[in-house]
Amino acid sequence: MPPLKSGYTDLYFLGQPGSGKSCILASIFYYLNLNGMIIDNVHNLKGTIYRNQLVDEFSYGILPDSTAVDGVNYIPIELQNNSEEFKGRKHPLNFIEMSGELFDKTYKGGISIDSIAAKDYLNNTNRKLLYFILDYHQYEKSKTVAMGASQSNKLQAVLALLDQYGTLEHTDGIYIVVTKSDLFPYGVNQKEYAANFVKENFKGLITNCKNLQEKYRDRFKIIVYPFSIGDVRFQNMLVNINPESPEMVVEDIIQHSFMTTNSIKRKFFS
């Protein structure tokens, strides 16, 4: 694969195997495609083909397969801003999805070209948004079934390693995404429940995030999202697509990523 495009905002999706990274990407790209917000970039044609496959299968209710064990998916796009104030301007983005196996390898052995620094995709000065994927279903299951190292311990360790590696120097947002939020108790406010769920069950992760936020003088935001792709039946059949979760993510991407106008690049923060 080619090196990441420079001058873009890099979006990294990190989490243990089966946490839902590919499903999140499929949901986001489906939403962007549906709303005419994707300007194609074929810098990495394999990434474009992968993105189109995700969108096409998602539209038919087919959930994506897990990323290959040694896999890195790199999808460059330009996101068109459709707001009244900045209509037509573009946000150049590098989406990077690391397999859960590479995430686990990082937890066990640190950051290297054989883990989440594969392809040297962490070695640049692009601004970055980090998405830590937390699987709600796996957490609930872990209460009764032994599942090895906890998600919290893995996420905390990888976060500390990214700080040590220098990645947080270029980070504008850390997002904790609680997937499979359709399994939350019926009738709850999803955003409030997700925030309280993380606050109550992942205290160490929140403490570490806030300490790093203070270390970097509030350079980046820490946001908790609930995320549901929609109603899933028989474990792998999507029967109803949820537009609210990807919309929430896209709104924050727009607020915290580079925006271009003609040949001039500017950066806008909320």
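HN-Hα J couplings of the stretch 196-208 from phi, Karplus 6.51/-1.76/1.60, θ = phi - 60°, integer Hz, Gly and Pro as x?
Rounded to whole hertz, the list is 5, 4, 5, 4, 7, 10, 10, 4, x, 5, 5, 4, 5.
If you take the square roots of the eigenvalues of the alpha-carbon gyration tensor of the stretch 21-65 and sort them as a ≥ b ≥ c, do you get rounded (a/c under 1.5), prolate (a/b over b/c) or oblate?
Taking the square roots of the gyration eigenvalues as a ≥ b ≥ c, the stretch 21-65 is oblate.
Assign one of three labels to the chain, namely rounded, prolate or oblate, based on the Cα gyration tensor with a ≥ b ≥ c the square roots of its eigenvalues; rounded applies when a/c is under 1.5, prolate when it is not and a/b is larger than b/c, and oblate otherwise.
Because its axes are fairly even, with a/c under 1.5, the chain counts as rounded.
Based on the alpha-carbon gyration tensor of the stretch 71-154, what equivalent-ellipsoid semi-axes (square roots of 5 times the eigenvalues) come out, in whole Å, largest first?
In descending order, the three semi-axes are 32, 19, 9 Å.
Take every DSSP beta bridge whose two residues both sit in the chain, then give the antiparallel share in percent to the nearest 5.
Of all bridge pairs located within the chain, approximately 45 percent are antiparallel.
Give me the number: length gained by fully extending Tyr186 to Lys210, i.e. 0.36 nm times residue separation minus the C-alpha to C-alpha distance, one decimal in nm.
Extra length from Tyr186 to Lys210 when fully extended: 5.6 nm.
Taking 35 Å as R0, compute the FRET efficiency from the Cβ-Cβ separation of Lys143 and Asp65 and round it to 0.05.
That pair, Lys143 with Asp65, gives E of 0.80.
Collect residues whose amide H, placed 1.01 Å from N in the peptide plane, falls under 5 Å from the amide H of Gly71; neighbours closer than 5 in sequence don't count.
Ser99
Under a 1.4 Å probe, what is the accessible area of the chain per residue, stated in Å²?
With the other protein chains kept in place, the chain gives 48 Å² per residue.
Pick from Leu183, Leu14, Leu168 the residue whose mean-square fluctuation is largest in a GNM of the chain, springs joining Cα atoms under 10 Å.
Leu183
Determine the sum of side-chain charges near Gln16: Lys and Arg each +1, Asp and Glu each -1, restricted to other residues whose C-beta is under 12 angstrom from that of Gln16.
Cβ neighbours under 12 Å give a net charge of +1.
For the stretch 206-249 and the stretch 23-69, what is the centre-to-centre distance using only Cα atoms, to the nearest Å?
So the two Cα centres are separated by 18 Å.
By the gyration tensor of its Cα atoms, with a ≥ b ≥ c the square roots of the eigenvalues, what is the shape of the stretch 129-270: rounded for a/c under 1.5, prolate for a/b over b/c, or oblate?
Because a/c hits 1.5 or more and a/b fails to exceed b/c, the stretch 129-270 counts as oblate.
Given the convex hull over the Cα atoms of the stretch 158-230, what projected area results after averaging over all orientations, in nm²?
Averaging across all directions leaves 5.3 nm² for the Cα convex hull.
Highest mean first, how do 201-209, 230-238 rank when packing is the count of other Cβ atoms within 10 Å averaged over residues?
201-209, 230-238
Can you work out the FRET efficiency for the pair Ala160 and Ser6, with r the C-beta to C-beta distance and R0 = 25 Å, to the nearest 0.05?
Once rounded, the FRET efficiency stands at 0.40.
Could you go through the stretch 164-170 in sequence order and give the Karplus-derived ³J(HN,Hα) for each residue, using 6.51 cos²θ - 1.76 cosθ + 1.60 with θ = phi - 60°, rounded to whole Hz, and x for Gly and Pro?
4, 6, x, 5, 5, 4, 10
Quickly work out the Met248-to-Asn82 label distance, labels modelled 7 Å from Cα along the C-beta direction, and quote it in nm with one decimal.
2.0
If I model a spin label at Asn52 and Thr125 as a point 7 Å from the Cα along the Cα→Cβ vector, what separation in nanometres do I get?
3.6
Once you've got the GNM for the chain with C-alpha springs shorter than 10 Å, pick whichever of Ala149, Ala118, Ala160 has the biggest mean-square fluctuation.
With Cα springs under 10 Å in the chain, the top fluctuation among Ala149, Ala118, Ala160 is at Ala149.
Leaving out ligands, DNA and RNA but keeping every protein chain, what accessible area does Glu214 have, in Å² rounded to the nearest 10, with a 1.4 Å probe?
140
Output ³J(HN,Hα) for the stretch 233-247: one whole-Hz value per residue in order, computed from phi by the Karplus curve 6.51 cos²θ - 1.76 cosθ + 1.60 with θ = phi - 60°, and x for Gly and Pro.
3J(HN,Hα) across the stretch 233-247, in whole Hz: 10, 6, 6, 9, 10, 8, 9, 8, 8, 8, x, 6, 4, x, 4.
How much of the accessible area of the stretch 16-79, probe 1.4 Å, is carbon plus sulfur, in whole percent?
Ligands and nucleic acids excluded, carbon and sulfur reach 52 percent.
If you take the charge dipole of the stretch 1-153 about its Cα centre, with +1 on Lys and Arg Cβ and -1 on Asp and Glu Cβ, which of Gly18, Tyr107, Leu45 is farthest toward its positive end?
Tyr107
Using a cut-off of 10 Å between beta-carbons, work out the net charge of the residues near Tyr225 (Lys and Arg +1, Asp and Glu -1, Tyr225 not included).
So the surrounding residues net to 0.
Which residue, Lys105, Lys87, Lys191, has the most motion in a Gaussian network model of the chain that connects Cα atoms within less than 10 Å?
Checking each option, the largest mean-square fluctuation is seen for Lys87.
Which percent, to the nearest 5, of DSSP beta bridges fully inside the stretch 32-109 are antiparallel?
Taking every DSSP beta bridge within the stretch 32-109, about 100 percent pair in antiparallel fashion.
The values are calculated or read from the model by the stated rules, or taken from the named source; none is laboratory data. Because the structure is a prediction, the values reported are computed rather than measured. Cβ coordinates were reconstructed from backbone atoms using ideal geometry, including for glycine residues, and neighbour counts include every protein chain displayed. Side chains included, ligands, DNA and RNA excluded: accessible areas come from the protein's heavy atoms. Shrake-Rupley method; radii C 1.70, N 1.55, O 1.52, S 1.80 Å.
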